[in-house]
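Written out below as structure tokens is the structure these notes cover.
The values are calculated or read from the model by the stated rules, or taken from the named source; none is laboratory data. This one's a predicted model, so the numbers in the text were calculated from it and none came from an experiment. A quick note on method: Cβ atoms are made from the backbone with ideal geometry, for glycine too, and the neighbour counts reach across all protein chains shown. With ligands, DNA and RNA removed, areas are computed over all heavy atoms of the protein, side chains included. Shrake-Rupley method; radii C 1.70, N 1.55, O 1.52, S 1.80 Å.
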Amino acid sequence: MAASLDDDFEFNSQDYYSLLNVRKEATSEELKASYRRLCMLYHPDKHRDPELKRQAEQLFNQVHQAYEVLSDDHSRAIYDIFGKKGLEVEGWEVVERKRTPAEIREEYERLQREREERRLQQRTNPKGTISVGVDATDLFDRYDEDFEEMPGGGFPHIEINKMHISQSIEAPLTNSDTAVLSGSLSTHNGNGGGNINVTVRRVTSAKGWGEVEFGAGDILGPLIGLKLFRNLTPRCFMTAQCGLQFSPRGLRPSCSLMTARHLDQNTMGYLQWRWGPNSAMTTSLVRDTKSSHFTLALQLGVPHSYLMMSYQYKFQDEDQTKVKGSVKTGWFGTVVEYGAERKISRHSILSATVSIGVPQGVTLKIKLARASQTYLFPIHLTDQLLPSAVFYATAGPLLVYMAIHRLVIIPYTQAQKEQELELQRKSSATDIAKKKQEAESAVSIHTHMQTHRYSLCLIILNAWYGKFVSDTSQKQEKAKVIDVTVPLQCLVKDSKLILTEASKTGLPGFYDPCVGEEKSLKLLYQFRGVMHQVISADTEPLRIPKQSHRIESES
């Protein structure tokens, strides 16, 4: 079901389709047949006991309300898009009776766009990078003759030789205009500087945008720049940029032009030309699929020309693990890099890369991306190609990560999930109690109404719904499951039981015994005197009897 008007979590909202036990694509005939059958079970006039009569009336009203909504095409379209809250809103155009389902969807998308624009105006979208360069060459290239003259010379000397901090914030001015304020500070071997930039970006149409940049710094001087983006065709776009730097040595103009084209669904081709202090022509090919990312680039320029090839493999696991490798060769030498990246929490990604080059030496680069902040730690190990440096740069981070992952990350994420589930259960305690009471009422009515005409050849002997834990005692296992034998027996019709792909929580006589956890339905039933057993996932459709569920008798 589509999301409701609010993004806030609405616990256990009644699913009308599940309540009537029909598919979301059910026809009016299917809805009517299910409604009539449930009315026969829950009609208040069929009960003389005052308590049962009251309980039946509540369930009858729920079934009637669900049928009223789903049997009307207009109300059903609103419910499919907005949920129950969409049926309660006032003053929205979508409640006009003359609207068709298609028009309702268009109205919903328009309102969503307006809502996103209002949200955008309240956001600053901060982004930042902190880079700390570490010189650890003394670990492998030691000057033994100097250690006797230096206090503590027996210990390797590790120092921070450079730092870089940058930060930017966005301030939406209108729906099409955005201002960006950014700044950075850098220091290297005792020398440093900084700069500040202001950029104003305007979206001119769905096909393009442009921005003007003003900058000032204590090294290169003021800067004025202009950048334009334009979609030329549905598969091709172009970016043009020019700037003017007022440096102490005079005016330094620069210009660049980049065009790109979709070669196929997963492949992009780029061609870039730059003119200025670092003039170059670069062409690259990028192929990105669900399981891999490949880049091939060639640059011809002054003073640097190079050929670069990189490959990244994406594992299809929960942690989004990636392994990557690249080789880059040119006038400056050759650099080989390899590394891995992994998601360590909901908002954090950790990566480590080993860079081996001539004449650069060996460097270990550690990167932590936390939400919109990035932390970089390039650790320079040696200026030479030493096997020991390569080994420790590869094995060291791997062993440290495995230890931290097992001792810190796993316990932390598990505790975080349990805390979120507990908060979710507490905030939904009232809804859970209400649903449990409704389920118990339905069971009472079913027990009172149950007769042989509902069973015929198919008899539900035992049915449990919830989370099953196989490696615990029976007492602990039942703590997260509920007995739904009677409600399912009353859903049997013509010696068949058919359950749709919707969550079983919405069925009469059901409720959620383990909020936020995976659930399943376990059935033991008898058909024509033969025992059958099946376990079905919560949202998996189920149709019984089936020959594959049959329990073979022991000889």
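Data overview
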read-out	value
Label point distance in nm, Gln320-His405, each placed 7 Å from Cα along Cα→Cβ	1.6 nm
For Phe332, distant residues with modelled amide H under 5 Å away	Ser305
Alpha-carbon centroids, the stretch 295-347 and the stretch 58-76: separation in whole Å	57 Å
Environment charge at Lys207 (Cβ cut-off 14 Å; Lys +1, Arg +1, Asp -1, Glu -1)	+3
Label-point gap, in nm, between Leu386 and Asn175 - each point 7 angstrom along Cα→Cβ	6.3 nm
Lys53-Ile551 FRET efficiency (beta carbon distance; Förster radius 56 Å; 0.05 resolution)	0.90
Full-extension gain in nm, Trp209 to Leu271, via 0.36 nm per residue minus C-alpha separation	20.3 nm
For the stretch 221-282 and the stretch 481-555, distance of Cα centres in Å	62 Å
Where only C-alpha atoms are counted, convex hull volume of the stretch 167-264 per residue in Å³	136 Å³
Computed over the stretch 16-86, the ratio Rg/Rh where both radii use C-alpha atoms and Rh is Kirkwood	1.03
Solvent-accessible area of Trp273 with every protein chain in place, 1.4 Å probe, in Å² to the nearest 10	110 Å²
Full-stretch length increase - Tyr375, Met163 - with 0.36 nm per residue and alpha-carbon distance subtracted	75.2 nm
Members of Lys365/Lys417; Lys227/Lys365; Lys343/Lys365; Lys314/Lys417; Lys46/Lys436 lying beyond 21 Å, as alpha-carbon distances in this model show	Lys365/Lys417; Lys227/Lys365; Lys314/Lys417; Lys46/Lys436
